[in-house]
Structure formats: C-alpha cells, structure tokens
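Each remark here refers to the structure printed beneath this line.
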Amino acid sequence: MSVTFEYIHKAFDEVQGQPKYVLKDVNLKIKTGEFICVLGKSGCGKSTLLNLLAGYLKPDKGRILVDGEKVDGPSAQRGVVFQQHALFPWYTVKENIEFGLKLQKREDTEAVAAKYISLIGLEGCENAYPAELSGGMAQRVGIARALVNDPQVLLMDEPLGALDAMTRDSMRKEIIRIWQISGKTIFFITHSVPEAVYLADRVVLLKAGQVAMDKTIDLPRPREIRSAAFSEYVDFFSEGLTESESGEETIIAE
C-alpha cells in the first residue's frame, strides 16, 4: 500500500518556550511495493519517523496516510520489526509466529504459520526456543511474526544492527528475497550507507529532522557491492552524511 507523509513536524522538548523539532516539514510519498531506506546519523529523527508511521506517536503538525487512510494509532496493517527480535522466550518458533493469529482466533492459524515458517526457511526448527536460535534465525522469526498478519506496510527499525557482519550480509539477501516474494511496501531504517544502497529502491537521507536527499537507486538486483556504480552511490550518500553540521558529530559510513 502507498504511504504519504504530509508536512510532518514532531517535537519532544522546548527551547526558550519554543518547540525543538526532531522532525520539521517532512514530506514523502512511497509507492505500493516500494522498498524505502531512511538513512541518517543518530538523533536525526529517523526512528521517530518510523514510530509516527507505526502509530506509536502522533505528529504535532501534518498527517500520515496509508492508502489514503489517516494513521491515528497502531494497527496490524503496519507490521514492525525492531533491532532486537523481541520474541517471547517461553514460546517456540511456531508459537511466536502463531501468537497474533491466535489473538484473532483464526481457524487457519497452523496453515498460515507453516506458510511463513517456510518463507523464512526455518522448516525443522518449529519447536526450537529463541535461546536455541542464532541471531539471524531469531530475526527471521521476528520478520515472520510481523508478516503473518498480512500488513500493508512492513516497518523495520535497524533490524540487522545487532548482528555480526557475516550474518548481517546473509540477512540482507534474505530480506530482499522475502520482500520480492511478499510484494510488501517496506520502510527500513538504517545508519549504514552500503546497507541502504544494497536494499533500497529509494534512499531518503534525514539530516537535522529534514529530508536532505531523496534518490532512486538505479541498479539491477542482485546488486554487486564491488561495482563502480555501487561505490558511486555509497560515496554520494557518505558525503551527504559527513557534511559538517553545527554542534553535531559526523558519521563515517561503514
């Protein structure tokens, strides 16, 4: 489903009686099935933007629309995957994935869960507990748990940030595979420039709460990270990230 951010402002603090905006006049349009990466340094407002879309926060000004409907609060139609998988440790893989379906009292719970266990490639691990899974496997279960309710949009807040480099690389490929099969609109937060360029149809760079860049990644998939064209995109966004801003540290891309 399509997503539209219109004139979004969000403040948490005041300075001399005036709002100190984390987000200021953010306008974005995301097409159905598009994979968007929001890139930026810590404190730029990217996670706040995701939480507004999730419905966990409300904007001070502006509105967010999902397929023309205003976001007024959390909804199963917007599935969220966090940096930490947040699985229930006392439930098995199968039980974690079934959790939302059972709340809905669906009669096809087992069949739907089996479908998503197959999608994430964890057949044979249905009865394993989170403590028995690798970080990448646990994160795949987290993705399946978000997808199982058939959300319109999948929101991912640095879901690979806690993984080691090798697992992170394989999970990037896995996320692309799941996205291509499911056809979901994905809103993905990251601080890694190469990750954004590898994953996204479009990369949106936030700086000081505003959209500084919004660029389509015109590269075929699967993407070759050692290609000159890939490096050009990485350099482009890295320069945008490291341009100095008063009172802020610069981030060097991975």
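Rule-based calculations on the coordinates, nothing more; no lab input. Just so it is clear, the structure is predicted and the values come from calculations on it, not from any experiment. As a convention, Cβ positions derive from the backbone with ideal geometry for all residues, glycine included, and neighbour counts pool all protein chains shown.
Dividing the mean sequence gap of close Cα pairs (under 8 Å, 6+ apart) by how many residues the chain holds gives a relative contact order of 25 percent.
The listed peptides 30-43, 139-152, ordered by packing as a protection proxy, come out as 139-152, 30-43 (highest mean of other Cβ atoms within 10 Å first). Take the Cα of residue 90, step 7 Å toward its Cβ, do the same at residue 127, and the gap between the two points is 2.1 nm. Our summary of shape: the Cα atoms of the range 68-196 have principal axis extents of 43, 42, 25 Å, ordered from largest down, in whole angstrom. Ranking 146, 127, 97 by Cα position along the charge dipole of the range 85-150, where only Lys, Arg, Asp and Glu carry charges on their C-beta atoms, puts 146 farthest toward the positive end. Charged side chains reduced to their Cβ positions (Lys and Arg at +1, Asp and Glu at -1) give the range 85-150 a dipole of some 180 debye around its Cα centre.
Ratio of Rg to Rh for the range 85-150: 0.92 [Cα atoms; Kirkwood radius as inverse mean 1/r over pairs]. With distances taken between every two different alpha-carbon atoms, the range 1-103 has a Kirkwood hydrodynamic radius of 15.6 Å. Cross-link check: pairs 58/215; 31/105; 20/207; 46/115; 10/46 evaluated at a Cα-Cα cut-off of 23 Å; pairs beyond the cut-off: 58/215; 31/105; 46/115. The mean of 1/r over all pairs of different alpha-carbon atoms in the range 139-238, once inverted, gives a Kirkwood hydrodynamic radius of 14.4 Å. With each label modelled as a point 7 angstrom along the Cα→C-beta vector, the residue 108-residue 242 pair spans 5.1 nm.
Taking other C-beta atoms within 10 Å as the exposure proxy, 230, 5 rank 230, 5 from fewest upward. Modelled spin-label separation between residue 181 and residue 2, with each label point placed 7 Å from Cα along the Cα-to-Cβ direction: 2.9 nm.
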